1. If we scan the stretch 132-145, do we find a residue that is touching a residue at least 12 places away in the same chain (Cβ under 8 Å) and under 19 Å from PHE70 (Cβ atoms)?
2. Which of the residues belonging to the stretch 76-106 are under 18 Å from LEU144 (Cα atoms), among the hydrophobic types (A, V, I, L, M, F, W, C) and more than 13 Å from the chain's Cα centre (by Cα)?
3. For the stretch 23-38: of the residues being surrounded by fewer than 21 Cβ atoms within 10 Å (Cβ to Cβ) and assigned to a helix (DSSP H, G or I), which is modelled with the highest pLDDT?
4. Taking the stretch 39-55 on its own, how many of its residues are part of a helix (DSSP H, G or I) and surrounded by 12 or more Cβ atoms within 10 Å (Cβ to Cβ)?
5. Could you give every pair whose Cβ atoms fall below 8 Å, whose first residue belongs to the stretch 102-129 and is free of Cβ contacts under 8 Å to residues at least 12 places away in the same chain, and whose second residue is of a type in the set (Phe, Trp, Tyr), counting only separations of at least 6 or pairs across chains?
6. If GLU123 satisfies all but one of (1) farther than 30 Å from THR162 by Cα; (2) of a type in the set (D, E, K, R); (3) not in a helix (DSSP H, G or I), what's the number of the condition it fails?
7. List the number of the failed condition for ASP38; all other conditions in (1) within 13 Å of TYR115 (Cα to Cα); (2) among the acidic types (Asp, Glu); (3) free of Cβ contacts under 8 Å to residues at least 12 places away in the same chain hold.
Amino acid sequence: MLRFLLIFTFIAHIVCGFCDCLLGYGKNGRIDFKKINDPEAMNKMFDGMPLWQPMTSMILGVFAIAMFAFGYLELSRWMYEFNHISAGIMAVGAIIFAVFIVVHHVICGLVEWFYIRLGRTEEARVTVLEFQKKTMITMIVGYLGLLSFLIALFVPVVTGQTSLPWWACFINTLPIMIFLIPTKLPAKGNIAGALMCLGLAILI
């Protein structure tokens, strides 16, 4: 069951990565979120982006995140055999991550949808960015949940408490993400999560 759910979660991360790309790419290429405070640049980046893109990303992303939550919870159940405390931290972290990140993902989609729907005006830009800033706590809490999950998985593996070899600790979203940060790959978090689940599905 664990191997099946990890593969299931691998697929869910790929789908979620696709949803991230729907939000991160427009008609004029990759959206540079560093320029969102520049009205002209932001208008140009979202010029021609159809409303179905953020809408599809929101709906499909909710299902994808719900899907990979099962794999994370099953991984915490597997850990219970080796370390009860780590298993508990992983379970709580997985729940916090799934709940808050699904909210954050929907907010990101809403911000883009309303910006486009309201005609990409300066008033629309200011309004949606204010909304996003005031709801940023959902992202912070969500990723803190993920971080606690990943550390609680990393420590027992690297210290030899599980059935995995110690070097399997690197088959973890955190070190994989650190490796991917310098690259120009899109949806790095989902790529890292997908690689972790695929790697663990092979080893466990």
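The values are calculated or read from the model by the stated rules, or taken from the named source; none is laboratory data. All values derive from a computational prediction rather than experimental measurement. When we count neighbours, we look across all protein chains shown, and the Cβ atoms used for this are built from the backbone with ideal geometry, even at glycine.
1. yes
2. Listed by number, the residues that qualify are ILE85, ALA87, ILE89, MET90, ALA91, VAL92, ILE95.
3. The selected residue is GLY24.
4. Counting residues in the stretch 39-55 that are part of a helix (DSSP H, G or I) and surrounded by 12 or more Cβ atoms within 10 Å (Cβ to Cβ) gives 9.
5. Short answer, once both residue conditions are applied: ALA124/PHE114; ALA124/TYR115.
6. The single condition GLU123 does not satisfy is (3).
7. Just one mismatch for ASP38, condition (1).
Here's the yes/no breakdown for (1) touching a Lys or Arg at 6+ places or on another chain (Cβ under 8 Å); (2) closer than 19 Å to GLN132 by Cα; (3) hydrophobic (A, V, I, L, M, F, W, C):
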residue	(1), (2), (3)
ARG3	no, no, no
ILE14	no, no, yes
PHE18	no, no, yes
GLY26	no, no, no
LYS35	no, yes, no
ILE59	no, yes, yes
VAL62	no, yes, yes
